[in-house]
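Below is one structure, written out as structure tokens; the observations come after it.
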Amino acid sequence: MSESMQGLKRTHRCAEVSSGNIGETVTVMGWAQRRRNLGALIFVDLRDRSGLLQIVFDENSVGSGGFAKAATIRNEFVLAVTGTAQKREAAVNENLKTGDIELIAKEIRILSESETPPFPIEEDSQTKDELRLKYRYLDLRRPDLQRNMMLRSKVAYLMREFMAKEGFLEIETPILCKSTPEGARDYLVPSRIHAGKFYALPQSPQLYKQLLMCSGYDRYFQIAKCFRDEDLRADRQPEFTQADMELSFVDMDDVIDVNERLLKYVFQEAAGVELTLPFPRMPWQEAMDRFGSDKPDTRFGMELTDVSTVVKDCGFGVFTGALNEGGSVRGINVKGCGAMPRKKIDKLAEFAKGCGAKGLAYLVINEDGSYKSSFAKFMTESELSGLVSAMDGKAGDLLLFAADKNKIVWNVLGALRLMMAKELGLLDESKFHFLWITDFPLFEWSEEENRYMAMHHPFTMPKEEDLDKIDVNPASVRAEAYDIVLNGTELGGGSVRIHQNDIQEKMFQALGFSKESAYEQFGFLLDAFRYGVPPHAGLAYGLDRMVMHLARTDSIRDVIAFPKVKDASCLMTEAPGEVEAAQLQELSLNIKTQEAQS
């Protein structure tokens, strides 16, 4: 039978009871983690978000009624216990914050009983994700997840504290916005009042924060909810949180300076991690050439090597064919893996095909210096030796090569590099390698749209020395854009914004927008730019990703209270769900079934 608190007040959280409270009467409340009945004594480990405290029930102290009540306790019962803190006489637990004390119960109340949970409430759960997410409210009781949630709260507090001291104003921007054509898919919200029209949930507060700069607020900051209708990955959710900022009268160096100091403060205060400033910077082209990625993990080597000039006249048609088509031939040296079984190499080739390659060429350097290769018969001994030399190949090494368009070669070898590093244990989880990637291309060609698209967004400033190339060679134009990368994850990104009308018009023309269509989509921003707009720049972090790294977990689902699964659904609430016909009618919507559509 559940009881009420009846005026009983908690004096301490469980792990707040310390040796300084010995001899005092304290009241704690929480969940029963475990009960051990030794006959004359009953021990209960009581748990709340702070940790565990051992409660001792002795009939002499708690009375026969209280002792009988303690005997009924099961895991996850909610208890209120008043007792005296005392030093443990034996069985001191050095791994527990309260391991040298215990509470001798004087009074117990069972505030709520519990059915047997569908899985144990314990750290490092081996329960399948699907079951844990269905009962997420139970999963969130686990100490490791609770630590993650408290860490997230602390990070948000620290960011707000730092930004306020730096003169940033926290300003909320709308959730119901206008849909824009650039970027990922929008989540749309139908309007009841304006039949047939839709709001879009914000992919970011980008346009609003630029308007705030036009409004003279100088330094803006917000921890903002954002939404993108994209396929999910380990570090991506349909709804996510950005730590967003914008600054006026600044350049890229100013933005980088304040953000390096922000990261140093947050990582030190939240996790005791000391960061060394400044962080290194690397141009986008160098990152792609060396690592095959614009978010490279620099905790290990295994860098890409361009061997195009070495093999340009060889007899292997796969290599020369790629070069004739304007592509490249590049490789990675997987040190000491020459003994890898052929079946495993074939699996690497399948993996490469999954990344867009037609295949994967390999060369093994045997311990006696001879070669075993998928293409050796097409090349002379001299050509093979030159290739091995260019790759810094030694006996026992495995050399892997991709030949195709640069974009595919980078993608394939960049992914292989990461996969092999994980398999070989080269990723040191204790290291935090920060890196700024700069000088991104302003545009990227979309085969689907058959036009150039903005690599970041249409309001990114071109580098001044590239302005004259926008009309004649858009692909060569670099952007005043910068990403902050941590251990192979894009932690955040930003850019200097366009504030001159003539440059903005050039940008829209290069993206295929007519003046009319640009105004149709972004008229409110372009109108604001007619009334005096300051030079401005900004950056936004993925807060979920930042906390993921601080918590040293590999999935943002571990740092989000109620995450979605791969198909963007919620296993706990079963969202998205159907709605009543009356609601659809109010919104002037009619749902067509797949059968009706076909």
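Observations on the model:
- Helix 252-271 axis, angle to the chain major axis (alpha carbon atoms, nearest 10°): 30
- Couplings 3J(HN,Hα) of segment 74-84, computed from phi: 10, 3, 6, 4, 9, 10, 10, 10, 10, x, 10 Hz, in residue order, whole Hz [Karplus 6.51 cos²θ - 1.76 cosθ + 1.60, θ = phi - 60°; x for Gly and Pro].
- Remark: the Lys312-Arg281 segment gains 7.9 nm on full extension, using 0.36 nm per residue and subtracting the alpha carbon distance.
- For the set Lys312/Lys431; Lys264/Lys295; Lys165/Lys564, the pairs lying more than 28 angstrom apart at their alpha carbons are Lys312/Lys431; Lys165/Lys564.
- The order of the peptides 324-333, 76-85, 189-198 by mean Cβ neighbours within 10 Å, most packed first, is 76-85, 324-333, 189-198.
- For segment 129-264: rounded, prolate or oblate by the Cα gyration tensor [a/c cutoff 1.5]: oblate
- Computed from the alpha carbon positions, the gyration tensor of segment 106-156 leads to an equivalent ellipsoid with semi-axes of 23, 19, 9 Å, biggest first.
- Entry note, the chain: the mean residue ellipticity at 222 nm calculated from DSSP H runs of n ≥ 4, each adding -39500 (n - 2.57), is -9000 deg cm²/dmol after division by the residues and rounding to the nearest 500.
- Annotation: amide H-H contacts under 5 Å for Val307 (H modelled 1.01 Å from N, sequence separation of 5 or more, or interchain): Val329, Arg330, Gly331.
- Per-peptide packing, taken as the mean over residues of other Cβ atoms within 10 Å, places 90-96, 157-163, 102-108, 120-126 in the sequence 102-108, 157-163, 120-126, 90-96 from highest down.
- FRET E, pair Ser191, Ser112, Förster distance 41 Å, beta-carbon r, rounded to 0.05: 0.45
- Among the listed pairs Lys154/Lys209; Lys343/Lys394; Lys97/Lys225; Lys178/Lys463, those beyond 27 Å (Cα-Cα): Lys97/Lys225; Lys178/Lys463
- Fully extending the segment from Arg88 to Asn406 would add 107.8 nm, taking 0.36 nm per residue of separation and subtracting the current Cα-Cα distance.
- Theoretical gain in end-to-end length, Lys128 to Glu465 [0.36 nm per residue, Cα-Cα removed]: 115.9 nm
- Segment 429-535: GluC sites (Glu not before Pro) in DSSP loop, at most 16 other beta carbons within 10 Å: Glu429, Glu447, Glu448, Glu449
- Legend: calculated FRET efficiency, Trp445 to Ile591, from the Cβ-Cβ distance at R0 = 35 Å, rounded to 0.05, equals 0.40.
- Size-normalised alpha-carbon gyration radius of segment 451-523, reference 2.2 N^0.38 Å: 1.18
- By a 1.4 Å probe calculation restricted to protein chains, Thr72 has an accessible surface near 70 Å², given to the nearest 10.
- Shape category assigned to segment 361-444 from the gyration tensor of Cα positions, a/c cut at 1.5: oblate
- Taking 7 Å steps out from each Cα toward its Cβ at Leu176 and Asn60 produces label points 6.8 nm apart.
- Between segment 202-266 and segment 369-434, the C-alpha centres lie 38 angstrom from each other.
- Applying the criteria of a DSSP loop state and at most 12 other Cβ atoms within 10 Å to the chymotrypsin sites (Phe, Trp or Tyr not before Pro) of segment 368-453 yields no site.
- Share of pairwise Cα-Cα distances greater than 41 Å in the chain is 44 percent (whole percent).
- Efficiency of FRET between Asp253 and Val472 - r from beta-carbon atoms, R0 35 angstrom, step 0.05: 0.75
- Convex hull volume of the C-alpha atoms in segment 507-598, normalised per residue: 279 Å³.
- One quarter of the convex hull surface built on the alpha carbon atoms of segment 247-346 amounts to 11.5 nm², the projected area averaged over directions.
- Annotation for Ala376 and Asp554: the two label points, set 7 Å from Cα along the Cα-Cβ direction, are 3.4 nm apart.
- Computed over segment 1-105, Kirkwood Rh from alpha-carbon pairs, angstrom: 13.6
- Along each principal axis, Cα extent of segment 379-424, largest first, Å: 31, 28, 13
The values are calculated or read from the model by the stated rules, or taken from the named source; none is laboratory data. These numbers were taken from a predicted model, which means no experiment stands behind them. Cβ coordinates were reconstructed from backbone atoms using ideal geometry, including for glycine residues, and neighbour counts include every protein chain displayed. Heads up: the accessible areas ignore ligands, DNA and RNA and are worked out on the full protein's heavy atoms, side chains in. Shrake-Rupley method; radii C 1.70, N 1.55, O 1.52, S 1.80 Å.
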